[in-house]
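> Structure below; questions to follow.
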Amino acid sequence: MITIPERISLANLPTKIEKLDRLSAQLQGPSLYIKRDDQTGTEFAGNKIRKLEYCIREALDQGCDTLITCGGIQSNHCRATAAVAAKLGLKAIVVLRGEQPDTYEGNVLLDHLLGAEVRWISSEDYRDHRMNIMNDIASEVSAHGQQAYVIPEGASSGIGAFGYYTALQEIVQQEQELGISFDAIVVALGSGGTHAGLLLAQQLLETSHRIIGINVCDDEQYFQKAISTVIQESSHYIDQPVHIPLKAIEIIDGYVGKGYAQSQPQELKCIQDLASLEGVILDPVYTGKAFYGLLEEIRKGTFEDMQNILFIHTGGLYGLFPHASSFRF
Ligand SMILES: *Cc1c(COP(=O)(O)O)cnc(C)c1O
């Protein structure tokens, strides 16, 4: 029995697993299922809340009263952190990449509504110095007699990854209830913590799933390194040696398209098609790209030998609306 860290309960769990009947029939390949982690809660919605349950438990155990984190202007993670902070009576400081816009929409609107303090930094500073900048803000906070906890981008830290360790346990339980087993679990890769948590659990609990990530930025090599770093960090929290060979980190690279948060017509069409066929809405930054990649790979026969594939819908709906003008109807 492996003992993992404690969490606080914030998300609406377990999230449902639904079969995409009409799409599966069209594809004539493996049956496709979707896990609705976009329904973890209205303000919290998405995958970040599972990771935050562990990070924030650690923050509270350390006596912290302020959460500092960072992300892009439409960061789902910053919005979820702002929402939790408000719910628990903590202060949130979110460091956003880019220029302050004239009007707020989507997640950045919600950050403000939720009372987070928003600070803006340049893309270069974000890329090269975001951890230092957040640590400096933490020192500033302690000079004022408060205590801050810094959550790295996407809550993809060793502790945060346990959110998806627990999610895999939840999936195993649901497989028993539904009487099915998934050959592969597919996720979008943004900062890698979701994949890291699933893979950590898959290895330690010795389940038979293939955990497959489809990156929406950077490349395979970048994510193999990022994911193994997170897993190494996680291993310090459990009294269990963890050795995950790089080749166990399965990544399908090739669907970044025009770049992070930039859409191509075929990705947008995939979002539109799924919405009208199944009533499920994906986001253009993460799930839309990854799901488009998954369907392309199914069409190419990559998953020919599989019966059931589970795609985790990691959320991101609020980030869809700022892209309204990209869609053509
Ligand atoms: C952050 C995010 C992801 C990526 O998860 P990581 O753990 O950062 O790899 C996927 N989908 C959505 C909607 C996200 O907000």
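The values are calculated or read from the model by the stated rules, or taken from the named source; none is laboratory data. All figures in this text were calculated on a predicted structure; none of them were measured in a lab. So basically every Cβ, Gly included, is an ideal-geometry build from the backbone, and we count neighbours across all protein chains shown. The accessibility values were calculated without ligands, DNA or RNA, using every heavy atom of the protein model including side chains. Shrake-Rupley method; radii C 1.70, N 1.55, O 1.52, S 1.80 Å.
> Would you pick out the residues in the range 127-169 that are within 30 Å of I212 (Cβ to Cβ) and out of contact with any helix residue (DSSP H, G or I) (no Cβ under 8 Å at 6 or more places or on another chain)?
Result: R127, M131.
> Let me ask you something else. If I filter the range 58-88 down to residues being open to solvent by 10 Å² or more (accessible area, probe 1.4 Å) and assigned to a helix (DSSP H, G or I), which single residue comes out as nearest to G98 (Cα to Cα)?
My answer is N76.
> Further question: Suppose the filter is within 16 Å of the ligand (Cβ to nearest atom), modelled with pLDDT of 95 or more and either surrounded by fewer than 22 Cβ atoms within 10 Å (Cβ to Cβ) or part of a loop (DSSP other than H, G, I, E, B) (or both); does I49 pass it? Spell out the reasoning first.
Details: within 16 Å of the ligand (Cβ to nearest atom): yes; modelled with pLDDT of 95 or more: yes; either surrounded by fewer than 22 Cβ atoms within 10 Å (Cβ to Cβ) or part of a loop (DSSP other than H, G, I, E, B) (or both): no.
No, not satisfied.
> Go through the range 140-164 and give me each residue that's more than 16 Å from the ligand (Cβ to nearest atom) and open to solvent by less than 70 Å² (accessible area, probe 1.4 Å).
Matches in the range 140-164: V141, S142, G145, A148, Y149, V150.
> Condition check: of a type in the set (S, T, N, Q) and over 17 Å from the mean Cα position of the chain (by Cα). Does Q224 satisfy that?
no
> Can you work out which of the residues in the range 273-329 that are within 13 Å of the ligand (Cβ to nearest atom) and among the hydroxyl-bearing types (S, T, Y) is surrounded by the most Cβ atoms within 10 Å (Cβ to Cβ)?
T287
> I've got another one for you. Give me the residue from the range 95-107 that is over 12 Å from C70 (Cα atoms) and out of contact with any Phe, Trp or Tyr (no Cβ under 7 Å at 6 or more places or on another chain) and, out of that set, surrounded by the most Cβ atoms within 10 Å (Cβ to Cβ).
That would be Y104.
Here is a yes/no grid of residues against (1) assigned by TED's automatic domain parsing to the domain that holds I68; (2) basic (K, R); (3) open to solvent by less than 10 Å² (accessible area, probe 1.4 Å):
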| site | (1), (2), (3) |
| --- | --- |
| D111 | yes, no, yes |
| N132 | yes, no, no |
| A167 | no, no, yes |
| G213 | no, no, yes |
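> Hey, does the range 25-35 have a residue that's surrounded by 17 or more Cβ atoms within 10 Å (Cβ to Cβ), touching a Pro at 6+ places or on another chain (Cβ under 8 Å) and assigned by TED's automatic domain parsing to the domain that holds D273?
For the range 25-35, residues surrounded by 17 or more Cβ atoms within 10 Å (Cβ to Cβ), touching a Pro at 6+ places or on another chain (Cβ under 8 Å) and assigned by TED's automatic domain parsing to the domain that holds D273: absent.
> Filter the range 172-206 down to residues that are more than 16 Å from the ligand (Cβ to nearest atom) and open to solvent by less than 30 Å² (accessible area, probe 1.4 Å), then give me how many there are.
4
> Residues being within 13 Å of the chain's Cα centre (by Cα), over 13 Å from K269 (Cα atoms) and assigned to a loop (DSSP other than H, G, I, E, B): count how many of those fall in the range 283-313.
Residues meeting the conditions: 3.
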